[in-house]
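Undergrad: First, the structure itself, so that you have it in front of you.
The values are calculated or read from the model by the stated rules, or taken from the named source; none is laboratory data. Source: prediction; values computed, not measured. Neighbour counts are summed over all protein chains in view; Cβ atoms, including those assigned to glycine, are modelled from backbone coordinates with ideal geometry.
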Amino acid sequence: MKKTYKDFVKDLIPQVKELFPWDLGEMLGRLDKKEILLLDIREPYEFDSMKVEGSLNVPRGILEAACDYDYEETLPELVEARQKTVVVICRSGNRSVLAAHTLSQMGFEKVYSLKTGLRGWHESDEPLTDAAGNLISADNGDMYFNKPLSPEKRTPKQG
């Protein structure tokens with residue numbers, strides 16, 4: 001039987017620590033900014049449209065190379081964060097589970113996935129900004145997170 005994307009995420013959830021948005025809000029208020037790295041693993045076009053202020057964008061597709069030296073994609077800030085608290089962020093909290101698991105395997109000691117992702121962060125009335133640092137309005141956030149899937153992206157109906 002083939003595995004689906006949801007199956008991969010479901011299989012890894014027990015192996016990954018997750019934070020709810022309110023837990024992350026509390027953590028950000030408690031920890032010094034030097035002790036925490038917010039790692040947004042969405043694609044650059046997603047990151048530019050809205051993000052948690054202060055987060056670092058490393059797309060999931062280059063994550064492993066960005067975590068190690070000697071690669072074109074190497075990001076020293078990420079390589080050197082193995083002892084920091086790292087919170088992995090994506091749109092809904094699924095890709096972040098996969099990425100948090102990978103980081104744990106690569107020696108990152110305090111890794112969390114943001115459960116419910118940016119969608120949950122937004123629904124908790126936490127601030128989001130665009131690439132220019134402008135605050136995203138609640139209405140614009142609602143429109144972004146509630147866009148319906150186009151028909152060709154939905155599972156075909158069985159005859």
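Undergrad: Picking from 52, 86, 79, which residue would you name as being of a type outside the set (Phe, Trp, Tyr), touching a residue at least 24 places away in the same chain (Cβ under 8 Å) and either out of contact with any Phe, Trp or Tyr (no Cβ under 7 Å at 6 or more places or on another chain) or farther than 20 Å from residue 9 by Cα (or both)?
TA: 52
Undergrad: Another question about this same structure. Take residue 20 and decide whether it is farther than 23 Å from residue 134 by Cβ, out of contact with any Cys (no Cβ under 8 Å at 6 or more places or on another chain) and aromatic (Phe, Trp, Tyr).
TA: Details: farther than 23 Å from residue 134 by Cβ: yes; out of contact with any Cys (no Cβ under 8 Å at 6 or more places or on another chain): yes; aromatic (Phe, Trp, Tyr): yes.
Considered against the rule, which asks whether it is farther than 23 Å from residue 134 by Cβ, out of contact with any Cys (no Cβ under 8 Å at 6 or more places or on another chain) and aromatic (Phe, Trp, Tyr), residue 20 comes out as yes.
Undergrad: OK, next. Condition first: hydroxyl-bearing (Ser, Thr, Tyr) and in contact with an Asp or Glu (Cβ under 6 Å, 6 or more places away or on another chain). Can you find one or more residues in segment 53-60 that meet it?
TA: Yes, segment 53-60 has at least one match.
Undergrad: Please determine whether any residue of segment 97-106 is hydroxyl-bearing (Ser, Thr, Tyr), buried (at least 20 other Cβ atoms within 10 Å of the Cβ) and touching a strand residue (DSSP E or B) at 6+ places or on another chain (Cβ under 8 Å).
TA: no
Undergrad: Scan segment 17-70 for residues that are assigned to a helix (DSSP H, G or I), surrounded by 15 or more Cβ atoms within 10 Å (Cβ to Cβ), of a type outside the set (A, V, I, L, M, F, W, C) and in contact with a strand residue (DSSP E or B) (Cβ under 9 Å, 6 or more places away or on another chain) and report the count.
TA: 2
Undergrad: Six or more apart or on different chains, Cβ under 6 Å: which pairs go from a residue in segment 120-142 that's farther than 18 Å from residue 19 by Cα and modelled with pLDDT of 95 or more to one that's among the hydroxyl-bearing types (Ser, Thr, Tyr) and outside any loop (DSSP other than H, G, I, E, B)? Could you list them?
TA: 135/129
Undergrad: For segment 37-74, give me each residue that is closer than 20 Å to residue 100 by Cβ and either modelled with pLDDT under 95 or among the small types (Gly, Ala, Ser) (or both).
TA: Listed by number, the residues that qualify are 54, 55, 61, 65, 66.
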